[in-house]
Every structure is written in C-alpha cells, then in structure tokens.
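Chemist: Can you read through this structure? Questions will come right after.
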Amino acid sequence: VLITPNVRHHPAIVERKPLGALLRAMDEYEGYPSTIGALRLSPHLFQRPGEIRSMRWKDLDLETARWVIPANLTKMRRTHEVPLSRQSISLIRSMKPISDGSEFVFPAFHTSKKPISENTVNQALRRLGYSGVMTAHGFRSTASSLLNESGLWSPDVIEHALAHQDKNSIRAIYNRTTYWDTRAEMMQWWSDQLDELK
C-alpha cells in the first residue's frame with residue numbers, strides 16, 4: 001500500500017524583484033551566526049529546511065563541491081547528493097570557526113551538540129517582516145518556479161535537484177540517472193542569479 005503524502009503549500013516569493021529585496025534584507029539581518037548562515041545558505045541550496053539545519057561536516061566534501069544527505073535524514077528515506085556552488089561553499093566555510101568542533105555546520109545557540117531548531121530560519125524571516133510571505137521551505141518553490149521559468153533547465157533536472165520522486169513509478173524504476181553534471185551547472189547558474197538579483 002502506498003501512502004500519499006500530504007502536500008502543503010508554503011508561502012514563497014516567486015518573482016525576481018521581490019526576491020532581490022529579500023536577499024538584500026537577509027544580508028542585513030543581525031542575529032546568532034548559525035541563524036545567519038542557515039538563512040543565507042537556504043536560497044542557494046533549496047533543500048528541505050530540516051536537511052539544511054542538520055547539515056553535518058562529515059557529509060560535506062568541499063573539495064569536490066558535494067553534499068551527501070544520508071537516507072535517514074531525507075523525507076523520502078534515500079540518499080540525496082547536492083552539488084555545491086562556489087557561493088554555497090564560501091558560506092559553509094564561513095561557519096567553520098563558529099561551529100567550533102561541532103559535528104553540525106549550524107550548531108544551536110545553547111549547545112554545539114545539536115543543530116539549530118526547526119523554526120530558526122522561519123523566525124528570522126518573520127523578524128525581517130516576511131511573515132506569511134516567505135518561509136524556509138518556500139525557497140524550494142522559489143527556486144523551482146524561477147528555474148522552470150528560465151527555460152534553460154529540464155524539468156527532470158529541477159525535480160531531481162529538489163529530491164522529488166518521479167511520479168511515473170515505471171519511469172522511476174528505469175531512469176536511474178542523477179543528472180549530476182547538469183545539476184552542478186544549474187546550481188552554479190542559480191547562485192549567480194541570486195547574486196545578480198541582489
């Protein structure tokens with residue numbers, strides 16, 4: 001028996017000009033360093049907030065620009081590999097002195113043994129005045145919408161970047177490509193777009 005997931009629509013900005021304004025506001029945000037880091041990295045990676053907040057150093061290979069999210073931390077319970085843009089790597093590296101020996105890239109304020117809480121990035125967005133307009137999860141819709149709108153990237157590549165399961169169960173069995181090279185190119189293009197919009 002297959003369980004159909006509940007689909008929730010999270011508030012998200014899907015237009016370029018308001019996204020640029022949000023990115024500028026995020027650069028001005030003052031708060032705990034882990035919050036700032038996770039907030040600024042979220043639009044570049046557009047992975048699920050729980051995966052970003054619990055990012056671990058041991059799952060990162062910054063030399064090959066790869067983040068491997070273990071199956072036990074993903075919604076679909078399968079390993080997902082994410083190409084890292086130059087901007088993402090720079091943001092992650094900036095957390096090294098802050099995490100101070102923690103296994104987590106974004107350690108909690110009160111203890112380095114846990115990551116920041118699940119609502120940390122959402123609270124930062126609320127403090128920036130984006131309540132009801134943007135959420136941490138909304139960065140996924142933002143990226144999906146604007147990447148599709150660009151017409152430069154195959155929907156298959158975008159869906160794979162979002163770690164979505166192919167809706168066609170037969171196709172999912174036989175299409176085992178990861179589109180790695182194209183996804184790496186797309187992630188760099190997306191980060192460059194975010195810089196341009198900002």
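Chemist: Going through region 39-64 one residue at a time, which ones are aliphatic (A, V, I, L, M) and assigned to a loop (DSSP other than H, G, I, E, B)?
Modeler: If the condition is that a residue be aliphatic (A, V, I, L, M) and assigned to a loop (DSSP other than H, G, I, E, B), then 55, 62 are the ones that fit.
Chemist: Looking at 78, 53, which one is open to solvent by 60 Å² or more (accessible area, probe 1.4 Å), in contact with a strand residue (DSSP E or B) (Cβ under 7 Å, 6 or more places away or on another chain), among the charged types (D, E, K, R) and under 17 Å from residue 163 (Cα atoms)?
Modeler: Just one listed residue meets the conditions, 53.
Chemist: Can you give me the number of residues within region 81-106 that are of a type in the set (Ser, Thr, Tyr) and open to solvent by 20 Å² or more (accessible area, probe 1.4 Å)?
Modeler: 2
Chemist: Would you be able to tell me the number of residues in region 120-134 that are surrounded by fewer than 16 Cβ atoms within 10 Å (Cβ to Cβ), farther than 16 Å from residue 30 by Cβ and either in contact (Cβ under 8 Å) with a residue 60 or more places away in the chain or out of contact with any helix residue (DSSP H, G or I) (no Cβ under 9 Å at 6 or more places or on another chain) (or both)?
Modeler: Selection size over region 120-134: 2.
Chemist: Now, a different point. With the checklist (1) of a type in the set (A, V, I, L, M, F, W, C); (2) at pLDDT 95 or above; (3) crowded, with 20+ Cβ neighbours inside 10 Å in hand, flag the one item residue 65 doesn't pass.
Modeler: Going through (1) of a type in the set (A, V, I, L, M, F, W, C); (2) at pLDDT 95 or above; (3) crowded, with 20+ Cβ neighbours inside 10 Å one by one, residue 65 breaks only (3).
Conditions (1) within 21 Å of residue 38 (Cα to Cα); (2) hydrophobic (A, V, I, L, M, F, W, C); (3) modelled with pLDDT under 95; (4) outside any helix (DSSP H, G or I), marked per residue:
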{"site": "129", "(1), (2), (3), (4)": "yes, no, no, yes"}
{"site": "135", "(1), (2), (3), (4)": "yes, no, no, yes"}
{"site": "140", "(1), (2), (3), (4)": "yes, no, no, no"}
{"site": "143", "(1), (2), (3), (4)": "yes, yes, no, no"}
{"site": "172", "(1), (2), (3), (4)": "no, yes, yes, no"}
{"site": "177", "(1), (2), (3), (4)": "no, no, yes, yes"}
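Chemist: For region 50-58, check the following and say yes or no: at least one residue is over 15 Å from the mean Cα position of the chain (by Cα), of a type outside the set (Ser, Thr, Tyr) and over 27 Å from residue 146 (Cα atoms).
Modeler: yes
Chemist: I'm trying to understand the selection: among the residues of region 135-162, which are under 19 Å from residue 180 (Cα atoms), crowded, with 21+ Cβ neighbours inside 10 Å and touching a residue at least 60 places away in the same chain (Cβ under 8 Å)?
Modeler: 140, 143, 161, listed by residue number.
Chemist: Right, something else. Which one is surrounded by the most Cβ atoms within 10 Å (Cβ to Cβ) among residues in region 24-38 that are part of a helix (DSSP H, G or I) and of a type in the set (Gly, Ala, Ser)?
Modeler: The qualifying residue surrounded by the most Cβ atoms within 10 Å (Cβ to Cβ) is 38.
Chemist: Right, next: What single numbered condition from (1) of a type in the set (Gly, Ala, Ser); (2) open to solvent by 10 Å² or more (accessible area, probe 1.4 Å); (3) over 13 Å from residue 105 (Cα atoms); (4) touching a helix residue (DSSP H, G or I) at 6+ places or on another chain (Cβ under 8 Å) fails to hold for residue 20?
Modeler: Only one criterion in (1) of a type in the set (Gly, Ala, Ser); (2) open to solvent by 10 Å² or more (accessible area, probe 1.4 Å); (3) over 13 Å from residue 105 (Cα atoms); (4) touching a helix residue (DSSP H, G or I) at 6+ places or on another chain (Cβ under 8 Å) is unmet by residue 20, namely (2).
Chemist: Scanning for something more than 14 Å from the chain's Cα centre (by Cα) and of a type in the set (Asp, Glu), does region 91-107 turn up at least one residue?
Modeler: yes
The values are calculated or read from the model by the stated rules, or taken from the named source; none is laboratory data. Remember, it's a predicted structure, so these values are computed and weren't measured experimentally. Neighbour counts are summed over all protein chains in view; Cβ atoms, including those assigned to glycine, are modelled from backbone coordinates with ideal geometry. Remember, those area values only see protein heavy atoms, side chains included, never the ligands or the DNA or RNA. Shrake-Rupley method; radii C 1.70, N 1.55, O 1.52, S 1.80 Å.
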